[in-house]
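The values are calculated or read from the model by the stated rules, or taken from the named source; none is laboratory data. Everything numeric in this text was worked out from a predicted model, so none of it was measured. Neighbour counts run over all protein chains shown; Cβ positions are idealised from the backbone, glycine included. For accessibility, only protein heavy atoms count, side chains too; no ligands or nucleic acids. Shrake-Rupley method; radii C 1.70, N 1.55, O 1.52, S 1.80 Å.
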Amino acid sequence: MADTRLLLTEYAFTILPALTPGHHTIRVENGGTQPRHVAIVRLDPGVTLEVVEQWLKRAVGKPPVEVVGGATALGPGMVNYVTVDLATADYGLVCFVPDASDGRTHAAHGMFQLIRVH
C-alpha cells in the first residue's frame, strides 16, 4: 500500500505528503498528456539544484547525483508503484522522456524538482 502519491503533469511533479527519511512506497501517476517517468536521484554532498540543472542541460561528464529509484515510462493515466529507502539528504525528481513537440527531454523543459528529506 502506498504512503505517498507522486503526480506527474506537464513539466511538473506534485508529491503528497512530503517524504521523510525511511522506507516508502510511492504511487506514481501520470496526469499529463504525454508519456512521463520519474528518476529519483540523491544529490551528491554540496551539490545545489543549479549544478544539477546545468548538468541536465549538457549531460556531459559524471552526473552530480546518484539514482536511488524511479518509475519506467507511463502513458497518460497510467500508474506505477515505487519503493525507496531514503536517508536525510537532498533529492531530485527528474523526467528524461523526450517531449513530443521537439524531442528534448522533459527535464530540459524544466521537469525536475528538488525535494529535501529531513
So how many Å³ per residue does the convex hull of the Cα atoms of region 68-118 work out to? 90
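DSSP beta bridges in the chain, what fraction antiparallel, as a percent rounded to 5?
Values: 31 of 36 bridges.
In the chain, approximately 85 percent of DSSP beta bridges are antiparallel ones.
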Ordered by residue, what ³J(HN,Hα) values in Hz, to whole numbers, does region 75-89 give under the Karplus form 6.51 cos²θ - 1.76 cosθ + 1.60, where θ = phi - 60° and Gly and Pro are x? x, x, x, 7, 10, 9, 10, 10, 10, 9, 10, 10, 9, 5, 5
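In debye, nearest 20: dipole of region 20-118 around its Cα centre with unit charges on the Cβ of K, R (+) and D, E (-)?
Numbers: 8 positive and 9 negative charges, 17 e Å.
Approximately 80 debye in magnitude.
Given region 1-52, what percent of its DSSP beta bridges are antiparallel, to the nearest 5? Provide the component values of the computation, followed by the final result.
On the way: 5 of 10 bridges.
Bridges in region 1-52 that DSSP calls antiparallel: roughly 50 percent.
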Can you tell me which of Gly75, Gly61, Gly32 moves the most in a GNM of the chain? Springs connect C-alpha atoms under 10 Å apart. Gly61
Rounded to the nearest whole Å², what accessible area per residue is found for the chain with the 1.4 Å probe? 52
Furthest towards positive pole of dipole, Pro76, Thr25, Ile40, structure part region 1-104, Cβ charges: Pro76
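In region 31-104, which trypsin sites (Lys or Arg not before Pro) are in a loop and have at most 14 other Cβ atoms within 10 Å, using DSSP for the loop call?
Working: sites: Arg36, Arg42, Lys57, Arg58, Arg104; in loops: Arg104.
Those satisfying the criteria are Arg104.
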From the Cα gyration tensor of region 17-59, with a ≥ b ≥ c the square roots of its eigenvalues, which class applies: rounded if a/c is under 1.5, or else prolate if a/b is larger than b/c, or else oblate? oblate
Calculate log10 I(q)/I(0) of region 25-114 for q = 0.15, 0.16, 0.23 Å⁻¹, where I(q) comes from the Debye formula with a single equal point scatterer on each Cα and nothing for solvent. -0.57, -0.65, -1.20
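Per 0.36 nm of contour for each residue apart, how much would the distance between Leu7 and Val79 grow if the chain were fully extended, relative to their Cα-Cα spacing?
Working: separation 72, 0.36 × 72 = 25.92 nm, distance 0.94 nm.
Between Leu7 and Val79, full extension yields an extra 25.0 nm.
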Name the residues whose placed amide hydrogens come within less than 5 Å of the amide hydrogen of Val68, ignoring near sequence neighbours (fewer than 5 apart) on the same chain. Ile40, Val41, Arg42
